[in-house]
Amino acid sequence: MKALLLESVHPLAESLLRDAGFEVETRPGALDEDELIAALEGVHLLGIRSKTEVTPRVLTAATDLEAIGCFCIGTNQVALAEAAERGVVVFNAPFSNTRSVVELAIAEIIVMARRLTEKDGALHSGVWDKNAKGSHEIRGRKLGIVGYGNIGSQLSVVAEMLGLQVYFYDVEDKLALGNAKRCDSLEELLETAEVITLHVDGRPGNAGFFGAAQFERMRHRSLFLNLSRGFVVDYDALRDNLESGHIAGAAVDVFPSEPKKRGDEFVSPLQRIPNVVLTPHIGGSTEEAQEDIGRFVATKLRDFVERGTTTLTVNLPALTLDGHPGDRRILHLHTNTPGVLAKVNSILANHGVNIEGQLLATKADIGYVVSDVRDVPAAAIEELRALPETIRLRVVE
Ligand SMILES: NC(=O)c1ccc[n+]([C@@H]2O[C@H](COP(=O)([O-])OP(=O)(O)OC[C@H]3O[C@@H](n4cnc5c(N)ncnc54)[C@H](O)[C@@H]3O)[C@@H](O)[C@H]2O)c1
């Protein structure tokens, strides 16, 4: 089988896939629609990052394609529903940069508490100012985490190790790790914590959810961080609160509209305000995260091809499957309509095939049934393939 890896994904992905027996072609940049269609002939696995658009037209043309690995967090660049309709599985790397974001948040809390950007700026312009006024330790401070998901909960653990008292608020009922305390409302958290950090997801309902009313509710002279999504915060309101001195410092990594490429101009209401740390959406950008993304996604692609495992896919039903040495495994993606499982089992029974293990999962319009058998005649496979509900059928050893 052939894999095409675009956009300089980490070399670990290439070596993992080669070790698994794939023929691997790599290209440094993204391809446009026509180039991609031409390049995908005879390709079974496609690896991309955020700049390659996999459109419905690409998916229609790429008849050999079975799986797409997004070597990044987002999957907006892929027409996910159309991929699912064609039985093309899509994976991404939702956790690989969690630790990187956490470490940046911790660093920024210390930078703001010690007002390091001001000290650094003064010294670079030749002014020696050793004054301790306004500089604080973070030990014993109350940290308020909004959004206790992958990043928020890991930040909770690391922050506690540094002596911060952790409070959090999440719309879901989340397990509090370590000594962290759950708040019943965002308001309670804002009134309690001295540092507020946002780690909510990008659901549409979160647009502008943190604005003037929330800043007003925060404790006087507290610190604010946003490393989640730019559109969740009203940055004009943040600037007003920084200028009035109600908020003592801010660290912002994400913006409602971000420049497309390196060197493009960047404009924000938060520029040129003391004790404000601005970073160009680099929370998750570390070499360690890139390497882990390469490992994580390549492993998902390999396990899908070798075993049919779809764990953590973003567009198809998810099944975690062990290997069954000596068995044959029938992987059957189908439209999710009543009676498909009965039809599959009746075809196998008519051919005298004994099913040793079977799993079914469904997601929206797609069903995925995996049957482990000792052997299966070619005629049975042809009958399964001919079912009107069949989207894709594959047999692995
Ligand atoms: N700065 C970066 O480079 C970078 C890197 C990775 C992720 N991120 C962003 O960080 C954010 C968190 O990522 P994650 O992997 O932890 O996501 P996640 O989905 O694991 O966690 C998000 C949590 O926020 C909660 N939540 C959603 N809306 C909320 C609200 N209004 N109030 C309180 N809780 C709310 C959810 O219930 C969930 O527990 C995402 O927005 C992601 O895009 C940024």
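No lab work stands behind these numbers, since they all come straight from the coordinates. Since the structure is predicted, the reported quantities are computational estimates derived from the model, not experimental observations. Cβ placement follows ideal geometry from the backbone for every residue including glycine, while neighbour counts extend to all protein chains displayed.
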Using a cut-off of under 20 Å, list every residue of the range 104-118 whose amide N is near the label point 7 Å from the Cα of K130 along the Cα-to-beta-carbon line.
114-118
Approximate spin-label separation E397-R272, in nm, with each point projected 7 Å along Cα-to-Cβ
7.0
Pull out a ≥ b ≥ c, the square roots of the eigenvalues of the alpha-carbon gyration tensor of the range 16-96, then state rounded if a/c is under 1.5, prolate if not and a/b is larger than b/c, and oblate in the remaining case.
rounded
For peptides 301-310, 133-142, 197-206, sequence by mean Cβ density within 10 Å, most packed first
301-310, 197-206, 133-142
So what's the back-of-envelope 222 nm ellipticity for the chain, counting only DSSP H runs of four-plus at -39500 (n - 2.57) apiece and dividing by all residues, rounded to 500?
-9500 deg cm²/dmol
Classified through the alpha carbon gyration tensor (a ≥ b ≥ c as square roots of its eigenvalues; rounded if a/c is under 1.5, else prolate when a/b is larger than b/c, else oblate), the range 258-354 comes out prolate
Could you line up V24, V127, V9 from fewest to most neighbouring Cβ atoms inside 10 Å?
V127, V24, V9
For the chain, with +1 on Lys and Arg beta carbons and -1 on Asp and Glu, the positive-most of L186, I37, I68 along the dipole:
L186
Sorted by Cβ neighbour density within 10 Å, fewest at the top, the residues I110, I48
I110, I48
Between rounded, prolate and oblate, where does the chain land on the alpha carbon gyration tensor, with a ≥ b ≥ c its root eigenvalues, rounded for a/c under 1.5, else prolate if a/b exceeds b/c?
prolate
Of 286-298, 207-219, ordering from highest average Cβ density within 10 Å down gives 286-298, 207-219
Tally the DSSP beta bridges in the chain and give the antiparallel ones as a percent, rounded to 5.
35
Could you derive backbone 3J(HN,Hα) for the range 97-110 from the dihedral phi with the Karplus parameters 6.51, -1.76 and 1.60 (θ = phi - 60°), listing whole Hz in sequence and x where the residue is Gly or Pro?
10, 4, 5, 4, 5, 4, 5, 5, 4, 4, 4, 5, 4, 5
So, with +1 on the Cβ of K and R and -1 on the Cβ of D and E, and no other charges, what is the size of the charge dipole of the range 85-232 about its Cα centre, to the nearest 20 debye?
400
Roughly speaking, what is the centre-to-centre gap between the range 94-109 and the range 239-269 when only Cα atoms are used, to the nearest Å?
19
Need the C-alpha centroid separation for the range 127-180 versus the range 285-315, integer Å.
30
Give the cross-link partners of K261 among the aspartates and glutamates, using a straight C-alpha distance below 15 Å as the criterion and excluding same-chain residues fewer than 8 apart.
E7
Projecting the Cα atoms of L16, L59, A93 onto the charge dipole of the range 14-97, where Lys and Arg contribute +1 and Asp and Glu -1 at Cβ, the residue farthest towards the positive end is A93
Lys, Arg +1 and Asp, Glu -1 on Cβ, resulting dipole of the chain about Cα centre, debye, nearest 20:
860
